[in-house]
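Read the structure below first, then the notes.
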Amino acid sequence: MPQFLPLRQFRSCTLLVSGLLLAACNRTQPETAAATPTPPPPVVPGPDLMSLTDSTAAELLLPYGRQYPGREVVLQTRHGNMRIRLYEDTPLHTANFLLLSRKGYFDQTVFNRVVKDFAIQGGTSDHLTMRLSRYRLPPEIRAGHFHKRGAVGMARYDDEQNPGKLSSSHDFYIVQGKKLTPYQAQSSTNRELTPAQLRTYATQGGVPSLDGEYTVFGEVVEGFDVIDKIANEPVGTDHWPHKDVDIKVKVVR
């Protein structure tokens, strides 16, 4: 079963900031302007990202999702924008994605694993400054949500040590896939695909081999061309694009 694994070690980077010295004119004694205090960042409601663990994720995220719901986000990249609709029947994954989006976590990340005709994975970078605890999400695998082109799911790791198929907290993927005949689609998965799913895989494409293995919690509804543009990025042996594709995620509805 293909795994979504970020294979590159994080690179370190240093940001150098230079200041400007402003001098007053026609004064014998320069006056020092009072420093303007930097306003604190706005407080974003929701659990602190360091408070989430495997055992507390559900009890903290589900009430957050009910109090601060959201159904659509816009994912912005240098190739254009994708509008993503989030599912209501995957409340834990949806609430988690909304929380990380509103907290600004995804805005520090990139598409770090790109496999053409398969999927593009994001949610990691080597220039993160925001702290995120290590936690996973219980699976919310639904028969009606399958890996058609544009499906949005959460990665997971360590099959042998993760028999419960717990999802990553932040590594998400968007399916590109390719068109498959009904026979190709059905023979690549252990699940019984419906006639509607077989038609979708034949007309739109996807990756049916992932069905039943990963939680799909949303789908792209606008910006399918952006998926293809990112999938066409030149990548290294670790599938990390040579030129970073930065991510910005905004909750719009």
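The values are calculated or read from the model by the stated rules, or taken from the named source; none is laboratory data. As the structure is a computational prediction, the values presented were derived from the model and not from experiment. Don't worry about glycine lacking a Cβ; one is built from the backbone with ideal geometry, like all the others, and counts go over all protein chains shown.
Key figures for this structure:
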read-out: Index of the failed condition, G177 passing every other in (1) buried (at least 20 other Cβ atoms within 10 Å of the Cβ); (2) touching a helix residue (DSSP H, G or I) at 6+ places or on another chain (Cβ under 7 Å); (3) under 25 Å from F106 (Cα atoms); value: (2)
read-out: Count of region 137-156 residues which are among the small types (G, A, S), assigned to a loop (DSSP other than H, G, I, E, B) and under 26 Å from H242 (Cβ atoms); value: 2
read-out: From D159, D171, D225, residue being at pLDDT below 95 and either touching a helix residue (DSSP H, G or I) at 6+ places or on another chain (Cβ under 9 Å) or not polar (S, T, N, Q) (or both); value: D159
read-out: Matching residues, region 192-218, being over 26 Å from the mean Cα position of the chain (by Cα), surrounded by 15 or more Cβ atoms within 10 Å (Cβ to Cβ) and part of a loop (DSSP other than H, G, I, E, B); value: L193
read-out: Strands (runs of 3 or more DSSP E) completely within region 35-136 that count 1 or more residues being in contact with a strand residue (DSSP E or B) (Cβ under 8 Å, 6 or more places away or on another chain), surrounded by 15 or more Cβ atoms within 10 Å (Cβ to Cβ) and on the phi > 0 side of the Ramachandran plot; value: 119-124
read-out: Matching option when the condition is over 18 Å from M154 (Cβ atoms), without any contact (Cβ under 8 Å) to a residue 12 or more places away in the chain and among the polar types (S, T, N, Q), among T189, T237, T181; value: T237
read-out: Matching option when the condition is closer than 30 Å to D48 by Cβ and within 17 Å of the chain's Cα centre (by Cα), among G122, G164; value: G122
read-out: All positions within region 219-237 that are loosely packed, with under 13 Cβ neighbours inside 10 Å, touching a strand residue (DSSP E or B) at 6+ places or on another chain (Cβ under 8 Å) and in a loop (DSSP other than H, G, I, E, B); value: P234
